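The values are calculated or read from the model by the stated rules, or taken from the named source; none is laboratory data. For clarity, every value in this text was computed on a predicted model and none was experimentally measured. No Cβ is skipped: glycine too gets one built from the backbone with ideal geometry, and neighbour counts run over all protein chains shown.
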Amino acid sequence: MNSRREARAGLLFISPWIIGFLLFTVGSMLYSLYVSTTDYDVATGAGESVGLQNYRRLLEDPKIATSLGNTLFYAIMAVPLEICLALFLAGLLHRVKRGSGVFRTLFYLPKMTPTVATASVFLILLNGNTGAINKALSFVGIDGPQWLVDPAWIKPSVVVMTLWGVSGTVVILLAALKQVPTDLYEAAAIDGAGPVRRFFQVTVPMISGPLFFCVVVLTIAALQIFDQAYLLFFRDATNLAPESALFYGVYLFQQAFQEFSMGFAAAMAWLLFLIILVITSLQFTLGNRFVYYEGGND
């Protein structure tokens, strides 16, 4: 009886969220599914049914394959680099004792910077002729590339800008590192394990859960990348950026709000949803084999 009463009370407390989720998330998704089967007119808010024509167009438009390829290539670069950098920085912060709060605040500040401001700064930093990054490389005898012009370096330039906001992942991994029992390190040291072996046999398994969470979340974010690429290469709305800068989210935005092809854009959104669903499912299938859960793997 008490459990039922507690369940009703819990549902009552979260009912505003449930109503909002059903109306603004589930409702919007179902409506976008309807729009994807129509030739939607933005001016009138009405759409003439076209069946699966928008989905067939996904197979016919060469820019779909190009933008998907650019997005997947970016995700393959960005996610491992962000995980490695975040883990390195979290390890440094974990070792800091005196003044650790100050360092954590300083490391987190870039995450608080608006994306527009960050893009404006990186437009200057990544300038191939006068940018600070290439000037720094020249001091060590490296001739820096044309980050924002050379097609081979466009996606790495977006990755560099993305790494600026790595501090959100750092906070998660830092909290995970603090939960690793020191007894395990002491036992490993007694057994003769060096720092590298302790890292791979103690640290990584013990934080594998948060690591897996970060990989999944960062992968989803990478597949939906929009603002960094748009602000760096499409800010003037002329669509004259190199083809290698055309990410899926940018092309979806162009179709929806520049070409006003809402039906096709909705079909693109559902394709991206299915791709993310498949990739996330594969990650969970593979990840459960390697992730250590304190209660045991089921």
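Looking only at residues in the range 37-51 that are more than 12 Å from F264 (Cβ to Cβ) and not hydrophobic (A, V, I, L, M, F, W, C), the one that is modelled with the lowest pLDDT is T44. Among the residues of the range 97-104, not a single one is of a type outside the set (S, T, N, Q), modelled with pLDDT of 90 or more and within 30 Å of V216 (Cβ to Cβ). Assigned to a helix (DSSP H, G or I), surrounded by fewer than 17 Cβ atoms within 10 Å (Cβ to Cβ) and assigned by TED's automatic domain parsing to the domain that holds I76, is that true of Q201? Yes: the conditions hold for Q201.
Taking the conditions exactly as written (closer than 19 Å to Y230 by Cα, of a type in the set (D, E, K, R) and modelled with pLDDT under 90), does D150 satisfy them or not?
It is true that D150 is closer than 19 Å to Y230 by Cα, of a type in the set (D, E, K, R) and modelled with pLDDT under 90.
Could you check how many residues of the range 247-272 are loosely packed, with under 15 Cβ neighbours inside 10 Å and assigned to a helix (DSSP H, G or I)? Count: 1.
Go through the range 97-125 and report how many residues are among the hydrophobic types (A, V, I, L, M, F, W, C) and free of Cβ contacts under 8 Å to residues at least 60 places away in the same chain. Total meeting the criteria: 9. All of (1) buried (at least 19 other Cβ atoms within 10 Å of the Cβ); (2) outside any helix (DSSP H, G or I) hold for V158 with one exception: (2).
Have a look at L218, L148 and point out the one that is touching a residue at least 60 places away in the same chain (Cβ under 8 Å), touching a helix residue (DSSP H, G or I) at 6+ places or on another chain (Cβ under 8 Å) and outside any helix (DSSP H, G or I). Can you show your working first?
Details: L218 fails: outside any helix (DSSP H, G or I).
None of the others qualify; the one that does is L148.
Given the structure, is F24 surrounded by 10 or more Cβ atoms within 10 Å (Cβ to Cβ), aromatic (F, W, Y) and touching a helix residue (DSSP H, G or I) at 6+ places or on another chain (Cβ under 9 Å)? No: the conditions fail for F24. Residue check: F233 meets all listed conditions (1) crowded, with 21+ Cβ neighbours inside 10 Å; (2) farther than 30 Å from L286 by Cα; (3) free of Cβ contacts under 8 Å to residues at least 40 places away in the same chain; (4) among the hydrophobic types (A, V, I, L, M, F, W, C) but one, namely (3).
Mind listing just one residue for me: the one in the range 161-174 that is within 24 Å of L68 (Cβ to Cβ) and out of contact with any Phe, Trp or Tyr (no Cβ under 7 Å at 6 or more places or on another chain) and, of those, modelled with the lowest pLDDT? Filtering the range 161-174 for residues that are within 24 Å of L68 (Cβ to Cβ) and out of contact with any Phe, Trp or Tyr (no Cβ under 7 Å at 6 or more places or on another chain), the one modelled with the lowest pLDDT comes out as G165.
Look at L81 and say whether it is assigned by TED's automatic domain parsing to the domain that holds Q283, assigned to a helix (DSSP H, G or I) and either surrounded by 13 or more Cβ atoms within 10 Å (Cβ to Cβ) or of a type in the set (S, T, N, Q) (or both).
When the stated conditions are applied, L81 passes them.
When the range 221-246 is filtered for residues that are in a loop (DSSP other than H, G, I, E, B) and modelled with pLDDT of 90 or more, the ones remaining, listed by number, are Q224, I225, F226, L246.
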